[in-house]
Every structure is written in C-alpha cells, then in structure tokens.
Amino acid sequence: MATDPYRAGGAGRPAPPLPLSVRGVGKRLGRSTALDGVSLDIAEGEVVCLLGHNGAGKTTLMSLVAGLLRPDAGEIEVLGVSTVRSPRRARRRLGLAPQELGVYPPLTVRQNLRFFAELAGLRGHEAGRRIVEVAEPLGLAALLERRVGRLSGGEQRRVHTAMALLHRPRLLLLDEPTAGVDVETRARLIAYVRELAAAGTAVCYSTHYLGEVEELDAGVAVLDHGRLTARGTVAELVRDHGEGSVELTFADGPPALDVPWTVTRTGRVLRVHAPEPHLAAPGILAALGDDLPRLVNLRVLRPSLETVFLALAEKGRPDPAAPAPAPRTVRAGRHG
C-alpha cells in the first residue's frame, strides 16, 4: 500500500523527515558481512534499543549512521540528509557516544567539554551555558574543575556522554553507554535519556542489559549476524516471538531427554521449549531419571524479552551439519 506523504504533516504539508531512516544497508568488513539489508526508522522522541550478541552489527550500524563508515549498499538519512552525499551536514544533526572513551585525562571536565563544544561550533557564553546544562543532569556540576584522569570510570563515562549532547542533537547514538559503570552512573544516564526523549530527541541505544529496555520504555531492534531479525515494542515481540522454556545446566554433557516438547542443546545446557514451563518442569525432572544427580541448575523462563532474545538467537544459529553458504558480493547502492 502506498504511503500518503502528506498525511503525517497535515493537510497540504509533507511529513517532516525522520531523525533516522536506514534503508537496505549492507556493509562488508574484510571478508565478512557486517550488515545485510538492514532497514530501521527512529521517530522523534523515540528510544530504540539495539540488541544482539557481540559481533551482531550494532556498532557497525552506529558507525555508518555517524558517517565514520560508508555503506556498501542502501541509504542512510539523518533528518532527511544523506550520510553519503552530505556527511558533514548529517553529522552536525546527531551526537555520538561510542563504546571507547574519547576523553582527555590531563584536562579538566570543563576543558574537555569546552573543546568539544567548540568543535560543534559553540563559542563563548553559549558554550559555557551548554556545559552547565549538560553537566547538571549527569552529576558533573561539582566535578567541572577536576582533571578527568582523576575521576572514576563511571564519572569519565558521564563526561564522555556529555560531549555528545553539547550541541543539542536531534538524534543521539549511544553505544553501550552503561557498560562497566557503577549503579549511580547507570541510573543518571537512564534518567537523562528518558528526559531527552520526552523533549523530542530520537535515541538509538545499544545495550546488553535487557532490563534497561523496560527502564527506558524503549522499542527494540534485534540484530543477529548482521540482519535485523525483529523490530517492535517489548509487548509486540513477546507476543510474536516469546516462548516459555525450562533451561537445564549439567555438570558435563547433557543426556538425551524424552519429553513431548522441542529440546535444543548448547554446550552443557538443554533448553526445553514448553508453552507453560512452570507446569512442564516436574515432568522434565522426572524424565531425567538416573541423570538427575548431574543437573547443576534449572531455570524456568516464562515469555519475556529474555526468552524472545534466546528464541531469535536459536533460530539464527547456523546448523553445524549444514554446508557453508557461498560468499555474497554486496554491491554499492545508487544514490539518487
């Protein structure tokens, strides 16, 4: 069905461009495919959490959006500006806080922030005002005159994030911003991201902490081996992909299990996929028979974002008995 370009913008007016529009993006890094036909939109005021195992393509996608890499195929637009045709214009519209800290330890917090404010085109009184504005909600106001090298890891992470916010970007890219931080820093970052979204900022937020998705009231995009395998709200994903299971961990190799449900195996773990796992657990334990003493852990997983993630990962895991696919050539897309 064709989309009416005037509907969202009101009668006679085209809809404003989305903060982020990714269309059919592909990227190869060396001999491996990092992204394969990924499409993703993020609307104004929306937080979308990127989920996926290490190597799924989350950081590559953010690097492409930020203009640090060029796509081999597809199109990326930030507020209607192509990251390929006009990379500088697109970059001015977004803020990026990558995984690796980009702070200068010998300088004070204020000096770090002022340096990045000037890179973003802010000068004098305006730069000073923005430094105070971002420092307060991130708990940096009392640390502005301290050298960054003397701060804790969590405090340095807050400085790192503040740098991406100085120019009030309408699209914010946060790549695992709470990895390895303390409880206070995580709470401050989550609260500030919620404030920014409420004020209209679009946020793309990658994380391994599933609990943060619910704290942020975020949408979800799941990447697996460079492909987008699911997109929606938590409720939608649980409805469409969530399944209950009983997870059994053994001291050594798992035994064969004769039960009326699908059983999958990963290393020392058996996962029994049952619609009502809490009711299936007694029968599963009984089926173990003489192998019961080898069981070291049992988890009952009711349908949730965690079970969605596990189910999608299970589907995307290659069959070791299947022949390897022929290498694909990703061709660069044509840009209007």
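Just to check your reading of the model, which residue among Glu212, Glu195 is out of contact with any strand residue (DSSP E or B) (no Cβ under 6 Å at 6 or more places or on another chain) and either part of a loop (DSSP other than H, G, I, E, B) or farther than 24 Å from His125 by Cβ (or both)?
Answer to the check: Glu212.
Have a look at Thr233, Thr262 and point out the one that is of a type in the set (Val, Ile, Thr), without any contact (Cβ under 8 Å) to a residue 60 or more places away in the chain and not assigned by TED's automatic domain parsing to the domain that holds Thr33.
Thr262
Can you list the helices (runs of 4 or more DSSP H) lying wholly within segment 222-322 that have 3 or more residues being modelled with pLDDT under 85?
Correct list: 305-316.
Among the candidates Val272, Val222, Val259, Val308, single out the residue that is over 30 Å from Val193 (Cα atoms) and buried (at least 20 other Cβ atoms within 10 Å of the Cβ).
Matching residue, one of Val272, Val222, Val259, Val308: Val272.
Take Leu216 and tell me if it is within 13 Å of the chain's Cα centre (by Cα) and either closer than 30 Å to Val296 by Cβ or crowded, with 16+ Cβ neighbours inside 10 Å (or both).
Considered against the rule, which asks whether it is within 13 Å of the chain's Cα centre (by Cα) and either closer than 30 Å to Val296 by Cβ or crowded, with 16+ Cβ neighbours inside 10 Å (or both), Leu216 comes out as yes.
Please verify whether Pro177 is within 26 Å of Leu79 (Cβ to Cβ) and either more than 26 Å from the chain's Cα centre (by Cα) or not in a helix (DSSP H, G or I) (or both), treating the condition exactly as stated.
When the stated conditions are applied, Pro177 passes them.
Within segment 125-141, is there a residue that is part of a loop (DSSP other than H, G, I, E, B) and basic (Lys, Arg)?
no
Is one or more of the residues making up segment 236-252 among the aliphatic types (A, V, I, L, M), farther than 30 Å from Leu138 by Cα and without any contact (Cβ under 8 Å) to a residue 24 or more places away in the chain?
No - not one qualifying residue is present in segment 236-252.
With the condition kept exactly as written, say whether any residue in segment 71-92 is assigned to a loop (DSSP other than H, G, I, E, B), in the same structural domain as Glu176 (by TED's automatic domain parsing) and without any contact (Cβ under 8 Å) to a residue 24 or more places away in the chain.
Looking for residues that are assigned to a loop (DSSP other than H, G, I, E, B), in the same structural domain as Glu176 (by TED's automatic domain parsing) and without any contact (Cβ under 8 Å) to a residue 24 or more places away in the chain, one finds at least one in segment 71-92, hence yes.
Scan segment 134-161 and report the pairs whose first residue is touching a residue at least 24 places away in the same chain (Cβ under 8 Å) and outside the structural domain of Gln111 (by TED's automatic domain parsing) and whose second residue is of a type in the set (Lys, Arg) and assigned to a loop (DSSP other than H, G, I, E, B), with Cβ atoms within less than 7 Å and a gap of 6+ or a chain change.
Filtered contacts from segment 134-161: no entries.
Tell me, which residue of segment 103-141 that is of a type in the set (S, T, N, Q) and under 21 Å from Val181 (Cα atoms) is surrounded by the most Cβ atoms within 10 Å (Cβ to Cβ)?
So, considering only residues that are of a type in the set (S, T, N, Q) and under 21 Å from Val181 (Cα atoms), the one surrounded by the most Cβ atoms within 10 Å (Cβ to Cβ) is Asn112.
From Ala43, Ala73, Ala97, Ala34, grab the single residue that is at pLDDT 95 or above and within 29 Å of Arg147 (Cα to Cα).
Exactly one residue qualifies, and that residue is Ala97.
Out of the residues in segment 22-49 that are in contact with a strand residue (DSSP E or B) (Cβ under 9 Å, 6 or more places away or on another chain) and part of a loop (DSSP other than H, G, I, E, B), state the one that is surrounded by the most Cβ atoms within 10 Å (Cβ to Cβ).
Looking at the filtered set, the residue picked out is Glu46.
Please go through (1) closer than 22 Å to Arg231 by Cβ; (2) buried (at least 16 other Cβ atoms within 10 Å of the Cβ); (3) modelled with pLDDT of 95 or more; (4) not charged (D, E, K, R) for Gly52 and return the number of the only condition it doesn't satisfy.
(3)
The values are calculated or read from the model by the stated rules, or taken from the named source; none is laboratory data. For clarity, every value in this text was computed on a predicted model and none was experimentally measured. All Cβ positions, even for glycine, are placed from backbone atoms using ideal geometry, and neighbour counts span all protein chains on display.
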